[in-house]
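> A single structure is presented below for examination.
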Amino acid sequence: MKVQDKHIWLTGASMGIGEALARALDAQGARLILSARSADKLAVLRASLKHPQRHKIVPLDLSRAETLPDVVAQADLSDGLDMLINNGGISQRGPAAQTPLSVQRQVMEVNYFGTISLTQALLPALRQNQGMLVNIASVAGKVGGQGMSGYAASKHALIGYMDCLRAEETHHGVKVLNVCPGFVQTNISVNALTESGQPYGEVAKSIAEGISAADCAQQIILAIHKDKFEVVIGKGLSALAPYIKRWFPNFFFRLSARKNIR
Ligand SMILES: NC(=O)c1ccc[n+]([C@@H]2O[C@H](COP(=O)([O-])OP(=O)(O)OC[C@H]3O[C@@H](n4cnc5c(N)ncnc54)[C@H](OP(=O)(O)O)[C@@H]3O)[C@@H](O)[C@H]2O)c1
């Protein structure tokens, strides 16, 4: 699907991959609804785009899934909606044995329940325009590794849900693309929840050595143009991991027990 003049709702637009997507989509002539919790950051972002007047801001909190149908009901969708990009999310870092249920639930609320709640509320609009649903999952939605049980579980759940939704919605004309990035240079590890419930607070080495958010955004838009169902984006082991697990599962399981790649 081409993005020019398309109406696109983008979550997690206030920083990182979402901000890079907003800049790239704006440059290609899309009309955006920018969402995240930080309304102030969204306002600064919109003002810095090439065509600020084309874009709207709708603040929302994905951790409050039950509020999202109302957010959608109050949004101005009079011009229709062609695409929802589910990008907003948080990560988690810490051993499964020490991570309390409260932290596991928090990650699940944002990455899974908030995301599917917003998706469900926007499906009628997407059906109307034979639109596209783009989900920024993760390589961690395809493979597991050390210190990311909550994050990997939430992204596996998201991919599972969206694969089912694709099977159901194809005959309504709605396309579903799952994007699985490896390491991307953003604040994802800084904001990741640790077992104490506090943010990790640091840029992890793996993230610092990842691809840039701008590069990731360009590859996501390429996958959108090509109407892909699923795409893995990244470099090094993080991008190869899904294929290694698929073709050499025993080797992959031994490797992930030996080596902490985060
Ligand atoms: N960076 C990577 O290596 C990587 C790899 C694979 C997948 N991903 C995925 O890419 C997506 C974007 O992450 P990023 O790397 O750009 O991280 P980031 O820099 O931390 O950005 C996360 C975005 O999500 C929003 N967000 C977080 N909690 C939210 C909530 N409760 N409600 C609404 N919005 C919320 C944040 O905005 P506010 O704080 O303003 O709400 C922010 O805009 C995530 O889904 C992440 O899992 C990232």
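The values are calculated or read from the model by the stated rules, or taken from the named source; none is laboratory data. All values derive from a computational prediction rather than experimental measurement. Heads up, the Cβs are rebuilt from the backbone with ideal geometry, glycines too, and the neighbour counts pull from every protein chain shown. Quick note on the areas: whole protein, heavy atoms, side chains included, nothing else; ligands and nucleic acids left out. Shrake-Rupley method; radii C 1.70, N 1.55, O 1.52, S 1.80 Å.
> Select from region 197-215 the residues that are farther than 30 Å from residue 228 by Cα, open to solvent by 70 Å² or more (accessible area, probe 1.4 Å) and in a loop (DSSP other than H, G, I, E, B) and list them in ascending order.
198, 200, 202, 203
> Determine whether residue 154 is among the polar types (S, T, N, Q), within 12 Å of the ligand (Cβ to nearest atom), in contact with a Pro (Cβ under 8 Å, 6 or more places away or on another chain) and within 25 Å of residue 246 (Cα to Cα).
Details: among the polar types (S, T, N, Q): yes; within 12 Å of the ligand (Cβ to nearest atom): yes; in contact with a Pro (Cβ under 8 Å, 6 or more places away or on another chain): no; within 25 Å of residue 246 (Cα to Cα): yes.
For residue 154, the condition - among the polar types (S, T, N, Q), within 12 Å of the ligand (Cβ to nearest atom), in contact with a Pro (Cβ under 8 Å, 6 or more places away or on another chain) and within 25 Å of residue 246 (Cα to Cα) - is not met.
> Further question on the same structure: Which pairs do you get when a residue that is more than 26 Å from residue 217 (Cβ to Cβ), found in region 164-181, comes within reach of a residue that is aromatic (Phe, Trp, Tyr) and within 16 Å of the ligand (Cβ to nearest atom), reach meaning Cβ atoms under 6 angstrom, with the pair 6+ apart or on two chains?
Between residues of region 164-181 that are more than 26 Å from residue 217 (Cβ to Cβ) and residues that are aromatic (Phe, Trp, Tyr) and within 16 Å of the ligand (Cβ to nearest atom), there is no close pair.
> Looking at (1) near the ligand (Cβ under 9 Å from one of its atoms); (2) at pLDDT below 95, which is the one condition that is false for residue 42?
(2)
> Considering each of 65, 75 in turn, give the residue that is on the phi < 0 side of the Ramachandran plot, open to solvent by less than 30 Å² (accessible area, probe 1.4 Å) and either touching a Phe, Trp or Tyr at 6+ places or on another chain (Cβ under 7 Å) or more than 16 Å from the ligand (Cβ to nearest atom) (or both).
Selected residue: 65, the only one of 65, 75 that is on the phi < 0 side of the Ramachandran plot, open to solvent by less than 30 Å² (accessible area, probe 1.4 Å) and either touching a Phe, Trp or Tyr at 6+ places or on another chain (Cβ under 7 Å) or more than 16 Å from the ligand (Cβ to nearest atom) (or both).
> Restricting attention to region 244-262, does a residue exist that is without any contact (Cβ under 8 Å) to a residue 60 or more places away in the chain, loosely packed, with under 15 Cβ neighbours inside 10 Å and within 21 Å of the chain's Cα centre (by Cα)?
no
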